[in-house]
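The values are calculated or read from the model by the stated rules, or taken from the named source; none is laboratory data. This one's a predicted model, so the numbers in the text were calculated from it and none came from an experiment. Cβ atoms come from the backbone with ideal geometry, glycine included; neighbour counts cover every protein chain shown. Each accessible area value is taken on the protein alone, full model and side chains, heavy atoms only, with ligands, DNA and RNA left out. Shrake-Rupley method; radii C 1.70, N 1.55, O 1.52, S 1.80 Å.
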Amino acid sequence: MALFGNLSMIILILLDTHLHTPMYFLLSQLSLMDLSFISTIVPKMASDYLSGNKSISFIGCGIQSFFFITLASAEGLILAFMAYDRYMAICFPLHYPIHMNKRVCVLMITGSWIMGSINSCAHTVYALHIPYCRSRTINHFFCDVPAMLTLACMDTWVYEYTVFVSTTLFLAFPFIGIACSYGRVLLAICRMQSTEGRKKAYSTCSTHLTVVTFYYAPFVYTYLRPRSFRSPTEDKVLAVFYTILTPMLNPIIYSLRNKEVMGALKRVILRFCYVKT
(Lines give C-alpha, C1' and ligand atoms only; values in the text may rest on other atoms or scores of the structure.)
Protein backbone atom coordinates (compact mmCIF):
# COMPACT_ATOMS: atom_id res chain seq x y z
CA MET A 1 0.00 0.00 0.00
CA ALA A 2 2.81 2.41 0.87
CA LEU A 3 4.70 1.55 -2.33
CA PHE A 4 1.65 2.00 -4.55
CA GLY A 5 0.35 5.13 -2.79
CA ASN A 6 3.62 7.06 -2.61
CA LEU A 7 4.78 6.09 -6.11
CA SER A 8 1.37 7.11 -7.49
CA MET A 9 1.62 10.48 -5.74
CA ILE A 10 5.14 11.12 -7.10
CA ILE A 11 4.17 10.13 -10.67
CA LEU A 12 0.92 12.13 -10.54
CA ILE A 13 2.72 15.31 -9.42
CA LEU A 14 5.33 14.75 -12.12
CA LEU A 15 2.78 14.25 -14.93
CA ASP A 16 0.17 16.91 -14.13
CA THR A 17 1.34 20.48 -14.76
CA HIS A 18 -1.40 21.88 -12.47
CA LEU A 19 0.49 20.33 -9.54
CA HIS A 20 3.84 21.92 -10.44
CA THR A 21 3.69 24.29 -7.48
CA PRO A 22 5.89 24.59 -4.34
CA MET A 23 3.27 22.85 -2.19
CA TYR A 24 3.17 19.74 -4.38
CA PHE A 25 6.90 19.83 -5.04
CA LEU A 26 7.40 19.49 -1.27
CA LEU A 27 4.65 16.86 -1.14
CA SER A 28 6.46 14.78 -3.78
CA GLN A 29 9.57 14.86 -1.58
CA LEU A 30 7.50 13.77 1.42
CA SER A 31 6.23 10.81 -0.63
CA LEU A 32 9.80 9.95 -1.66
CA MET A 33 10.93 10.06 1.98
CA ASP A 34 7.97 7.95 3.11
CA LEU A 35 8.70 5.40 0.40
CA SER A 36 12.37 5.21 1.43
CA PHE A 37 11.45 5.23 5.13
CA ILE A 38 9.17 2.20 5.01
CA SER A 39 11.56 0.40 2.62
CA THR A 40 14.37 0.75 5.16
CA ILE A 41 12.55 -1.26 7.83
CA VAL A 42 9.54 -3.27 6.62
CA PRO A 43 11.16 -5.57 3.96
CA LYS A 44 13.81 -6.81 6.43
CA MET A 45 11.25 -7.15 9.20
CA ALA A 46 8.86 -9.09 6.94
CA SER A 47 11.57 -11.40 5.59
CA ASP A 48 12.76 -12.16 9.14
CA TYR A 49 9.21 -12.95 10.21
CA LEU A 50 8.51 -15.21 7.22
CA SER A 51 11.85 -17.02 7.25
CA GLY A 52 12.20 -17.25 11.03
CA ASN A 53 15.81 -16.03 10.76
CA LYS A 54 15.58 -12.97 13.00
CA SER A 55 19.14 -11.73 12.60
CA ILE A 56 21.02 -8.88 10.94
CA SER A 57 24.72 -8.28 10.45
CA PHE A 58 26.49 -5.59 12.49
CA ILE A 59 27.16 -3.52 9.35
CA GLY A 60 23.61 -4.10 8.12
CA CYS A 61 22.31 -2.85 11.45
CA GLY A 62 24.44 0.29 11.10
CA ILE A 63 23.19 0.91 7.54
CA GLN A 64 19.55 0.46 8.58
CA SER A 65 20.06 2.80 11.53
CA PHE A 66 21.74 5.42 9.32
CA PHE A 67 18.90 5.53 6.78
CA PHE A 68 16.24 5.46 9.49
CA ILE A 69 17.69 8.48 11.33
CA THR A 70 18.41 10.36 8.08
CA LEU A 71 14.87 9.94 6.78
CA ALA A 72 13.24 10.60 10.16
CA SER A 73 15.17 13.88 10.58
CA ALA A 74 14.66 14.99 6.97
CA GLU A 75 10.92 14.24 7.07
CA GLY A 76 10.52 16.23 10.28
CA LEU A 77 12.06 19.26 8.54
CA ILE A 78 10.05 18.78 5.33
CA LEU A 79 6.78 18.78 7.29
CA ALA A 80 7.85 22.05 8.92
CA PHE A 81 8.66 23.57 5.51
CA MET A 82 5.26 22.45 4.22
CA ALA A 83 3.63 24.28 7.13
CA TYR A 84 5.65 27.40 6.27
CA ASP A 85 4.48 27.08 2.64
CA ARG A 86 0.81 27.06 3.72
CA TYR A 87 1.46 29.93 6.13
CA MET A 88 2.89 32.10 3.34
CA ALA A 89 0.19 31.07 0.84
CA ILE A 90 -2.72 31.90 3.16
CA CYS A 91 -1.40 34.77 5.30
CA PHE A 92 0.73 36.56 2.65
CA PRO A 93 -0.67 35.52 -0.77
CA LEU A 94 0.83 38.53 -2.62
CA HIS A 95 4.35 37.77 -1.31
CA TYR A 96 4.01 34.01 -1.85
CA PRO A 97 5.65 33.83 -5.32
CA ILE A 98 8.69 35.70 -3.96
CA HIS A 99 9.15 33.75 -0.71
CA MET A 100 8.27 30.31 -2.15
CA ASN A 101 9.93 30.12 -5.56
CA LYS A 102 11.71 27.15 -7.13
CA ARG A 103 15.12 28.12 -5.69
CA VAL A 104 13.73 28.32 -2.15
CA CYS A 105 12.06 24.90 -2.51
CA VAL A 106 15.30 23.32 -3.74
CA LEU A 107 17.19 24.85 -0.80
CA MET A 108 14.57 23.51 1.63
CA ILE A 109 14.73 19.99 0.23
CA THR A 110 18.52 19.91 -0.08
CA GLY A 111 18.91 21.33 3.42
CA SER A 112 16.56 18.68 4.84
CA TRP A 113 18.55 15.83 3.28
CA ILE A 114 21.96 17.25 4.25
CA MET A 115 21.02 18.08 7.86
CA GLY A 116 19.33 14.70 8.26
CA SER A 117 22.44 12.91 6.93
CA ILE A 118 24.82 14.83 9.23
CA ASN A 119 22.65 14.10 12.25
CA SER A 120 22.43 10.44 11.26
CA CYS A 121 26.19 10.09 10.75
CA ALA A 122 26.89 11.32 14.28
CA HIS A 123 24.43 8.89 15.88
CA THR A 124 25.34 5.88 13.74
CA VAL A 125 29.12 6.28 14.12
CA TYR A 126 28.73 6.51 17.89
CA ALA A 127 26.48 3.43 18.03
CA LEU A 128 28.92 1.36 15.94
CA HIS A 129 31.96 2.26 18.03
CA ILE A 130 30.73 1.58 21.56
CA PRO A 131 31.53 -1.83 23.13
CA TYR A 132 28.72 -4.40 23.33
CA CYS A 133 29.32 -7.10 25.94
CA ARG A 134 25.80 -8.20 26.81
CA SER A 135 23.27 -10.18 24.78
CA ARG A 136 23.20 -9.23 21.08
CA THR A 137 19.39 -9.50 21.02
CA ILE A 138 17.80 -6.11 20.26
CA ASN A 139 14.35 -5.82 21.81
CA HIS A 140 12.87 -4.11 18.75
CA PHE A 141 11.82 -4.90 15.18
CA PHE A 142 14.59 -2.74 13.66
CA CYS A 143 17.99 -1.32 14.66
CA ASP A 144 16.86 1.62 16.77
CA VAL A 145 19.93 3.17 18.39
CA PRO A 146 18.37 3.66 21.89
CA ALA A 147 17.38 -0.05 21.86
CA MET A 148 20.94 -0.97 20.88
CA LEU A 149 22.41 1.11 23.71
CA THR A 150 20.73 -1.06 26.35
CA LEU A 151 23.21 -3.77 25.29
CA ALA A 152 26.29 -1.55 25.80
CA CYS A 153 28.72 -2.28 28.62
CA MET A 154 29.49 1.38 29.30
CA ASP A 155 27.65 4.38 30.67
CA THR A 156 25.76 6.03 27.79
CA TRP A 157 24.24 9.01 29.61
CA VAL A 158 26.16 11.47 27.40
CA TYR A 159 24.71 9.90 24.27
CA GLU A 160 21.20 9.88 25.77
CA TYR A 161 21.62 13.63 26.28
CA THR A 162 22.57 14.05 22.59
CA VAL A 163 19.46 12.04 21.60
CA PHE A 164 17.39 14.50 23.62
CA VAL A 165 19.09 17.48 21.93
CA SER A 166 18.74 15.93 18.48
CA THR A 167 15.05 15.14 19.02
CA THR A 168 14.48 18.70 20.22
CA LEU A 169 16.19 20.22 17.15
CA PHE A 170 14.67 17.96 14.49
CA LEU A 171 11.25 17.21 15.99
CA ALA A 172 10.24 19.44 18.90
CA PHE A 173 11.31 22.79 17.38
CA PRO A 174 9.77 22.04 13.95
CA PHE A 175 6.58 20.93 15.72
CA ILE A 176 6.46 24.23 17.65
CA GLY A 177 7.05 26.08 14.37
CA ILE A 178 4.19 24.16 12.74
CA ALA A 179 1.87 24.91 15.66
CA CYS A 180 2.69 28.64 15.48
CA SER A 181 2.26 28.69 11.69
CA TYR A 182 -1.15 27.05 11.85
CA GLY A 183 -2.21 29.28 14.71
CA ARG A 184 -1.67 32.24 12.39
CA VAL A 185 -3.27 30.37 9.49
CA LEU A 186 -6.44 29.62 11.48
CA LEU A 187 -6.75 33.30 12.38
CA ALA A 188 -6.37 34.22 8.70
CA ILE A 189 -8.99 31.62 7.68
CA CYS A 190 -11.49 33.05 10.20
CA ARG A 191 -11.04 36.50 8.63
CA MET A 192 -11.62 35.27 5.08
CA GLN A 193 -14.81 36.58 3.46
CA SER A 194 -14.91 33.96 0.70
CA THR A 195 -16.65 30.78 1.89
CA GLU A 196 -15.05 28.72 -0.89
CA GLY A 197 -11.57 30.06 -0.06
CA ARG A 198 -12.13 29.32 3.63
CA LYS A 199 -13.17 25.73 2.87
CA LYS A 200 -10.18 25.14 0.59
CA ALA A 201 -7.70 26.58 3.10
CA TYR A 202 -9.23 24.62 5.98
CA SER A 203 -9.19 21.37 3.97
CA THR A 204 -5.49 21.78 3.06
CA CYS A 205 -4.43 22.68 6.60
CA SER A 206 -6.47 19.97 8.33
CA THR A 207 -4.91 17.40 5.99
CA HIS A 208 -1.40 18.55 6.89
CA LEU A 209 -2.21 18.66 10.61
CA THR A 210 -3.48 15.06 10.46
CA VAL A 211 -0.19 13.93 8.91
CA VAL A 212 1.86 15.96 11.41
CA THR A 213 -0.01 14.46 14.39
CA PHE A 214 0.51 10.88 13.18
CA TYR A 215 4.22 11.52 12.64
CA TYR A 216 5.41 13.84 15.41
CA ALA A 217 3.38 12.71 18.43
CA PRO A 218 4.76 9.12 18.75
CA PHE A 219 8.31 10.28 17.89
CA VAL A 220 8.40 13.08 20.47
CA TYR A 221 6.72 10.96 23.15
CA THR A 222 9.24 8.15 22.60
CA TYR A 223 12.53 10.02 22.31
CA LEU A 224 12.03 12.92 24.71
CA ARG A 225 11.36 10.67 27.69
CA PRO A 226 14.23 9.46 29.92
CA ARG A 227 15.14 5.80 29.46
CA SER A 228 13.92 4.98 32.99
CA PHE A 229 10.36 5.94 31.95
CA ARG A 230 10.40 3.91 28.72
CA SER A 231 9.47 0.28 28.13
CA PRO A 232 10.53 -1.79 25.07
CA THR A 233 6.96 -2.91 24.39
CA GLU A 234 5.62 0.64 24.42
CA ASP A 235 8.48 1.83 22.18
CA LYS A 236 7.70 -0.89 19.64
CA VAL A 237 3.99 -0.07 19.58
CA LEU A 238 4.68 3.65 19.09
CA ALA A 239 7.31 2.88 16.42
CA VAL A 240 4.63 1.19 14.32
CA PHE A 241 2.99 4.62 13.85
CA TYR A 242 6.00 6.46 12.39
CA THR A 243 7.68 3.54 10.58
CA ILE A 244 4.66 1.78 9.03
CA LEU A 245 1.32 3.57 9.43
CA THR A 246 2.38 7.14 8.58
CA PRO A 247 4.21 6.27 5.30
CA MET A 248 1.23 4.13 4.32
CA LEU A 249 -1.51 6.62 5.26
CA ASN A 250 0.10 9.88 4.05
CA PRO A 251 -0.71 9.44 0.32
CA ILE A 252 -4.24 8.26 1.19
CA ILE A 253 -4.88 11.27 3.44
CA TYR A 254 -3.48 13.75 0.90
CA SER A 255 -5.35 12.26 -2.08
CA LEU A 256 -8.78 11.57 -0.55
CA ARG A 257 -9.00 14.94 1.21
CA ASN A 258 -7.56 17.04 -1.62
CA LYS A 259 -9.73 18.02 -4.57
CA GLU A 260 -6.73 19.21 -6.61
CA VAL A 261 -5.07 15.78 -6.35
CA MET A 262 -8.30 13.99 -7.28
CA GLY A 263 -8.79 16.38 -10.20
CA ALA A 264 -5.23 15.75 -11.39
CA LEU A 265 -5.79 11.99 -11.16
CA LYS A 266 -8.89 12.27 -13.37
CA ARG A 267 -7.03 14.41 -15.92
CA VAL A 268 -4.11 11.97 -16.12
CA ILE A 269 -6.47 8.97 -16.52
CA LEU A 270 -8.47 10.76 -19.23
CA ARG A 271 -5.23 11.73 -21.01
CA PHE A 272 -4.02 8.14 -21.13
CA CYS A 273 -7.46 6.89 -22.23
CA TYR A 274 -7.50 9.49 -25.01
CA VAL A 275 -4.01 8.49 -26.17
CA LYS A 276 -5.04 4.82 -26.28
CA THR A 277 -8.10 5.46 -28.43
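Some notes on this structure:
- In the full protein context, the chain carries 53 Å² of accessible surface per residue, based on a 1.4 Å probe and ignoring ligands, DNA and RNA.
- Total charge dipole magnitude, the range 154-277, about the Cα centre, Cβ charges on Lys, Arg, Asp, Glu only, Debye to nearest 20: 840
- R0 of 35 Å, Cβ-Cβ distance L270-L128: FRET efficiency to nearest 0.05: 0.10
- The solvent-accessible area of C273, taken with every protein chain present and a 1.4 Å probe, is close to 70 Å².
- With R₀ fixed at 30 Å, the C-beta to C-beta distance from C121 to M1 puts the FRET efficiency at about 0.45.
- Set of lysines near K199 by C-alpha distance (under 26 Å), chain-local residues within fewer than 8 positions excluded: K259, K266
- Among the trypsin sites (Lys or Arg not before Pro) in the range 120-184, those located in a DSSP loop and surrounded by at most 12 other Cβ atoms within 10 Å of their own Cβ are R134, R136.
- Remark: the Cα gyration tensor places the range 2-41 in the oblate category, a/c being 1.5 or greater and a/b not exceeding b/c.
- The range 136-188 and the range 237-259: distance between their alpha carbon centers, rounded to Å: 20
- Length released on extending from V106 to R184, taking residue separation times 0.36 nm less the Cα-Cα span: 25.6 nm
- Isotropic mean projected area of the C-alpha convex hull, the range 127-256 (nm²): 9.5
- Carbon + sulfur, % of accessible area of the chain - ligands and nucleic acids excluded, 1.4 Å: 71
- Cα shape, the range 1-134, gyration tensor, a/c 1.5 rule: oblate
- Distance from the Cα centroid of the range 1-72 to that of the range 80-106 is 26 Å (rounded to whole angstrom).
- Two-decimal Rg/Rh across the range 136-210, once Rg and the Kirkwood Rh are taken from alpha-carbon atoms: 1.29
- Hydrodynamic analysis of the range 58-179 uses the Kirkwood radius over alpha carbon pairs. Inserted into Stokes-Einstein at 4 °C and 1.567 mPa s, it gives a translational diffusion coefficient of 80 µm²/s.
- The order of M1, M115, M100 by accessible area, most exposed first and with a 1.4 Å probe, is M1, M115, M100.
- Among the listed values [x] 1.51; [y] 1.10; [z] 0.98, the one matching Cα Rg over 2.2 N^0.38 Å as calculated from this structure is [y].
- Positive-end extreme of charge dipole, the chain - chosen from V185, F37, S51 (charges on Cβ): V185
- The chain, dipole about Cα centre (Lys/Arg Cβ +1, Asp/Glu Cβ -1), debye to the nearest 20: 740
- Furthest towards positive pole of dipole, V163, P146, F92, structure part the chain, Cβ charges: F92
- At R0 = 35 Å, FRET efficiency that the Cβ-Cβ distance of S47 and L94 yields, to 0.05: 0.10
- Peptides 226-232, 34-40 ranked from most to least packed give 34-40, 226-232, packing being the mean of other C-beta atoms within 10 angstrom over each peptide's residues.
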